[in-house]
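Reading through the structure tokens given below for one structure.
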Amino acid sequence: QVQLVESGGGLVRPGGSMAVSCVATGSIDRIYDMKWYRQAPGEQREFVAQISAIGTTQYEDSVKGRFTISRDNAKKMVSLRMHNLSPQDTAVYYCNAKIRDSPDGRLGEYWGQGTQVTVSS
């Protein structure tokens, strides 16, 4: 069974940095776009960043220049490095990926369990 397992997150002071990571596990044939979303309390889940299988990236405007998404295809991992964090970045961060499993070749969209990032002094 394909799963996305996240790690990282926690408490960081304003202006600080933090990284979150996500590993895809299970019987996987291919991973397509990998993305990060976040959901603040009382808010809808919003897109943060995405990276294609060949490394093309896109970012939500408020995180451009502060966040960097990267992936390691051999490790089936996507990471998000976050710098100059502010309280407005406080949210549960979710990874998301489109994955074709093996051997059935079924294409599905998967979500991680979420990891809390809290920016506070």
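Listing for the model above:
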read-out	value
Under 12 Å, Cβ to Cβ, from ALA49 - net charge with Lys/Arg +1 and Asp/Glu -1	+2
Cleavage-rule hits (GluC sites (Glu not before Pro)) in the stretch 1-67: DSSP loop, at most 15 neighbouring Cβ within 10 angstrom	GLU43, GLU60
Dipole moment magnitude, nearest 20 debye, the chain about Cα centre, only Lys, Arg, Asp, Glu C-beta charged	240 debye
In Å², nearest 10: area of VAL23 left accessible to a 1.4 Å probe	40 Å²
Principal axis dimensions, the chain - Cα atoms, whole angstrom, descending	49, 26, 23
With at most 13 other Cβ atoms within 10 Å, longest stretch of the chain clear of loop trypsin sites (Lys or Arg not before Pro) (DSSP)	1-63
Taking the chain and dividing mean pair separation by its residue count, relative contact order in percent (alpha carbons under 8 Å, at least six apart)	37 percent
Accessible area of the chain belonging to carbon and sulfur atoms, whole % at 1.4 Å probe	46 percent
Whole-angstrom gap from the stretch 50-89 to the stretch 90-109, using each part's C-alpha centre	16 Å
Linear extension gain, ARG13 paired with ARG30, 0.36 nm per residue minus alpha-carbon span	2.4 nm
Extension reserve of the SER121-ARG106 stretch, reckoned as 0.36 nm per residue once the Cα distance is removed	0.9 nm
Inter-site label distance for ALA40 and THR68 at 7 Å from Cα along Cβ, in nm	2.5 nm
Accessible solvent surface per residue of the chain, calculated while the other protein chains remain in place, 1.4 angstrom probe, Å²	53 Å²
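The values are calculated or read from the model by the stated rules, or taken from the named source; none is laboratory data. Here the structure is a predicted model, which is why all the values come from computation and not from measurement. Please note: Cβ atoms are built from the backbone with ideal geometry, for glycine as well, and neighbour counts cover all protein chains shown. Please note that ligands, DNA and RNA were not included when accessible areas were found on the heavy atoms of the full protein model with its side chains. Shrake-Rupley method; radii C 1.70, N 1.55, O 1.52, S 1.80 Å.
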